Amino acid sequence: MTTPHHWHEFGPAPANAPVVLLLHGFMGSGMDWAPVSRILCPAYRCLCPDLPGHGAAASESENAGANMEETAAMLLRGLEEHGVGTCALAGYSMGGRVALYLAVQYPERFTCLMLESASPGIADPEARLERRRQDEERALKLSRISQDGPDFREFLRAWYEQPLFGALRNRPALLEERIARRLHTNPRALAASLRGLGTGLQPSLWEQLSSVKIPVLLITGGEDSKFCAIAASMAALLPRVRHEVIQDCGHCAHEEDPERFAEIFRRFLQETDT
């Protein structure tokens, strides 16, 4: 496995500014963090890599199917290449799963953790097996889709028809802009990513939550009842945690209301002296 070369930075920040590593969700890219990063700069240096199989990294076919352990190792090598020892860590949805894994496996590398609309995985083995089946079904569909054909746009529209994205559908301009960005992703690389980082394959980290000693901020959208409930369950197990709910937002609050999101996140970073 090589190191992903596509790490985005937005806005100037002094070389000695505290670093925040921000990880995007499924079908996204590091570019998704641009609105929040530009608000946090120049006080913070925001590093936003494209995860395996996503964004510009989708062209690196040997990395597209990286599993959780391999992805974590690539990210740590990327931090070293950017001259970063310790930093703040943040992740959204799939990126949140990766971020939590990093915080559990490499606690000495991170000063604090922010998880947006993220889960520690599926604890029940049968439910995890069923999710793996669903992920493989989606991966098969993606692997048969041409990037420049109409089927990919139809897949994306069906994806955002899920109840999880109900609040996003109430913002049609943002939804159309999001779909347009996703069209630049390689569907076959996304299929490989599902087979490497899908929720059904992720080891359950519920039992490891009590071992996370760094400060943790959980952010969910008020209209995302599923992940509000997951965050409440996580908060009961994490030693140093705060759960913030952003009203009138759904699963992707950092894109739906980047100003409010960035203000909550910045306050957390300041409180943890990051």
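For segment 144-158, name all the residues that are open to solvent by 40 Å² or more (accessible area, probe 1.4 Å) and touching a residue at least 40 places away in the same chain (Cβ under 8 Å). Passing the criteria: Ser146, Gln147. Condition test on Leu164, is it open to solvent by 10 Å² or more (accessible area, probe 1.4 Å), within 17 Å of the chain's Cα centre (by Cα) and aliphatic (A, V, I, L, M)? The answer is yes for Leu164. All of Arg260, Arg188, Arg242 fail the test of being modelled with pLDDT under 95 and either touching a Pro at 6+ places or on another chain (Cβ under 6 Å) or surrounded by 14 or more Cβ atoms within 10 Å (Cβ to Cβ) (or both), apart from Arg188. Against the numbered list (1) more than 22 Å from Ile179 (Cβ to Cβ); (2) among the hydrophobic types (A, V, I, L, M, F, W, C); (3) open to solvent by less than 10 Å² (accessible area, probe 1.4 Å), Met94 comes up short only at (1). Residues of segment 19-43 being buried (at least 24 other Cβ atoms within 10 Å of the Cβ) and either at positive phi or of a type in the set (Phe, Trp, Tyr) (or both), which ones? Correct list: Met27, Trp33.
So in segment 143-161, with the set limited to residues that are of a type in the set (Phe, Trp, Tyr) and either in a loop (DSSP other than H, G, I, E, B) or under 21 Å from the mean Cα position of the chain (by Cα) (or both), which one is nearest to Gly250 (Cα to Cα)? Filtering first and then ranking leaves Tyr160.
The number of residues in segment 76-91 that are out of contact with any Phe, Trp or Tyr (no Cβ under 8 Å at 6 or more places or on another chain) and part of a strand (DSSP E or B) comes to 1.
Only residues that are more than 20 Å from Gln270 (Cβ to Cβ) and either touching a residue at least 24 places away in the same chain (Cβ under 8 Å) or open to solvent by less than 20 Å² (accessible area, probe 1.4 Å) (or both) were counted across segment 214-232, and they come to 9. Among residues of segment 102-142 being of a type in the set (Gly, Ala, Ser) and surrounded by fewer than 16 Cβ atoms within 10 Å (Cβ to Cβ), the one that is nearest to the chain's Cα centre (by Cα) is Ala123.
Looking only at residues of segment 174-185 that are assigned to a helix (DSSP H, G or I) and in contact (Cβ under 8 Å) with a residue 12 or more places away in the chain, we find that the one that is most open to solvent (accessible area, probe 1.4 Å) is Arg181.
The values are calculated or read from the model by the stated rules, or taken from the named source; none is laboratory data. Just so we're clear, the structure is a prediction, and the values are computed from it rather than from any experiment. For neighbour counting, all protein chains shown are included, and Cβ atoms are generated from backbone atoms with ideal geometry for every residue, glycine included. Remember, those area values only see protein heavy atoms, side chains included, never the ligands or the DNA or RNA. Shrake-Rupley method; radii C 1.70, N 1.55, O 1.52, S 1.80 Å.
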